[in-house]
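Enquirer: My questions all concern the structure below.
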Amino acid sequence: MEKVSHQGHTLTRWRVGSSSFLALPERGARLMNWNVTLGDGSVRDVLYWPEQDPAGEFHKIRGGNPILFPFNARTFDAGEIHFWRDPDGVRRPMPMHGLARQGDFQVVRLDERGFAAVFKPGAEARASYPFEYEFMVIYRFAPLGLSCEFVLVNNDTRPIPWSAGHHFYFTVPWTEGHTRANYAIRIPATRTLRQDAAGRLVSGPVLKLEEPLNNPALVDTFHLGLRHNAAVFGPIGAPGEIAVRIGSARVPSPEATFVTWTLADDSPFYCVEPWMGPANAVENKTGLQWVAPGQSQSFIVDIAIQ
């Protein structure tokens, strides 16, 4: 574990076996890059981070793993985006992807195998999500993988709603000369959904268990009703696939969701995103969880190179 200067930030880097992890825990609990040194000495980027920061705000950089809390993606209230209605019936703002990715965190554990950081909500977060709570992000790094756990503790006198998730930007393709057409993904979903312009859930595309990553029907699709907890993707007929797992139970909650997304056909990344449920969970009542007063809930994701 060491401190490094990178693109104007002081980051922490971990070396665990053949893996190297780069993070800025104080800013959005952001894991920025994960790469693996292969047997021939070459380096494979697993999580993408741009070589040069694009102009704009750090939390909007497309790379690493932005933390989506308390809600995923786009929330709506009565058809209007970036709002939600709290349990008392009060309409409140809610930015795209929630509050944590642009928020400040306090590091409460930093050791040779990872870190834990607690969200420190500012005025915007308190106005948008008016509860007494502690939200912690815990990373544990391994030689060929990682786990990330969210823990939400309710310190309030009323139940707290949430439906959080991850936005992993995986480097694809990772083999020279390949395109997305050389890669495939297997998601054991029994149904797919999409979100319409008013935030409602509508039927998604009909997909096979295995699809090539260049299939445009995968983009912006929610995969749920999972037969088991792992989505696996990688080069067709070659080793080095990546498995993303939701929770430790072989079959997760029926509303647990994988999201597949990318920005453009030639983007150097592909996002496979494990979420507690589809977007706009409060209004759609799908994937929404409640934490009782004095109780806590966790959401755990594991990623491994196979």
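The values are calculated or read from the model by the stated rules, or taken from the named source; none is laboratory data. Since this is a predicted model, take the numbers as computed values, not measurements. Here the Cβ positions follow ideal geometry from the backbone for every residue, glycine too, while neighbour counts run over all protein chains shown.
Enquirer: Give the residues of region 92-113 that are closer than 17 Å to LEU288 by Cβ and either at pLDDT below 95 or not small (Gly, Ala, Ser) (or both), sorted by residue number. Walk me through how you get there before you give the answer.
Expert: Going through region 92-113, the residues closer than 17 Å to LEU288 by Cβ turn out to be 92, 94, 97-99.
Listed by number, the residues that qualify are ARG92, MET94, HIS97, LEU99.
Enquirer: Sort through LEU144, LEU152, LEU209 and tell me the only one that's closer than 27 Å to MET94 by Cβ and among the aliphatic types (A, V, I, L, M).
Expert: Numbers: LEU144 fails: closer than 27 Å to MET94 by Cβ; LEU209 fails: closer than 27 Å to MET94 by Cβ.
Criteria check complete, one pass: LEU152.
Enquirer: Go through region 1-46 and report how many residues are surrounded by fewer than 16 Cβ atoms within 10 Å (Cβ to Cβ), in contact with a strand residue (DSSP E or B) (Cβ under 7 Å, 6 or more places away or on another chain) and small (Gly, Ala, Ser).
Expert: 1
Enquirer: Would you be able to tell me the number of residues in region 140-161 that are in contact with a strand residue (DSSP E or B) (Cβ under 6 Å, 6 or more places away or on another chain) and closer than 26 Å to ARG74 by Cβ?
Expert: 9
Enquirer: Considering only region 108-223, give the strands (runs of 3 or more DSSP E) lying wholly within it that have at least 2 residues that are within 23 Å of PRO252 (Cα to Cα).
Expert: Numbers: elements: 114-120, 133-142, 145-154, 160-162, 169-171, 183-186, 191-195, 201-203, 210-212.
Answer list for region 108-223: 133-142, 145-154, 160-162, 169-171, 183-186, 191-195, 201-203, 210-212.
Enquirer: What pairs come out if I take residues in region 133-161 that are under 13 Å from ARG113 (Cβ atoms) and pair them with residues that are among the acidic types (Asp, Glu) and surrounded by fewer than 17 Cβ atoms within 10 Å (Cβ to Cβ) whose C-beta lies under 9 Å away, six or more apart or interchain?
Expert: ILE138/GLU149; TYR139/GLU149; ARG140/GLU149; PHE141/GLU112
Enquirer: Among the aliphatic types (A, V, I, L, M) and surrounded by fewer than 20 Cβ atoms within 10 Å (Cβ to Cβ) - does that describe any residue in region 293-304? Full working, then the answer.
Expert: Keep residues of region 293-304 that are among the aliphatic types (A, V, I, L, M), which gives 300-301, 303-304.
Then drop every residue that is not surrounded by fewer than 20 Cβ atoms within 10 Å (Cβ to Cβ), which leaves 300, 304.
There is at least one residue in region 293-304 that is among the aliphatic types (A, V, I, L, M) and surrounded by fewer than 20 Cβ atoms within 10 Å (Cβ to Cβ).
Enquirer: Go through region 114-132 residue by residue and tally those that are free of Cβ contacts under 8 Å to residues at least 24 places away in the same chain and either loosely packed, with under 14 Cβ neighbours inside 10 Å or more than 18 Å from GLN295 (Cα to Cα) (or both). Spell out how you get there, then give the answer.
Expert: Residues of region 114-132 that are free of Cβ contacts under 8 Å to residues at least 24 places away in the same chain, as a first pass: 116, 118, 120-123, 126.
Now drop any that are not either loosely packed, with under 14 Cβ neighbours inside 10 Å or more than 18 Å from GLN295 (Cα to Cα) (or both), which leaves 116, 120-123, 126.
So the count comes out to 6.
Enquirer: Something else about it: Would you mind telling me which numbered condition in (1) within 21 Å of GLU80 (Cβ to Cβ); (2) more than 20 Å from the chain's Cα centre (by Cα) GLY177 fails?
Expert: Result: GLY177 passes all but (1).
Enquirer: Check GLY287, GLY237 and return the single one that is of a type outside the set (S, T, N, Q) and touching a Pro at 6+ places or on another chain (Cβ under 7 Å). Lay out the reasoning, then the answer.
Expert: On the way: GLY237 fails: touching a Pro at 6+ places or on another chain (Cβ under 7 Å).
The unique qualifying residue is GLY287.
Enquirer: Under 8 Å between Cβ atoms, which residue pairs at least 6 apart in sequence (or on different chains) link something in region 263-284 that is at pLDDT below 95 with a partner that is assigned to a strand (DSSP E or B) and surrounded by 19 or more Cβ atoms within 10 Å (Cβ to Cβ)?
Expert: none
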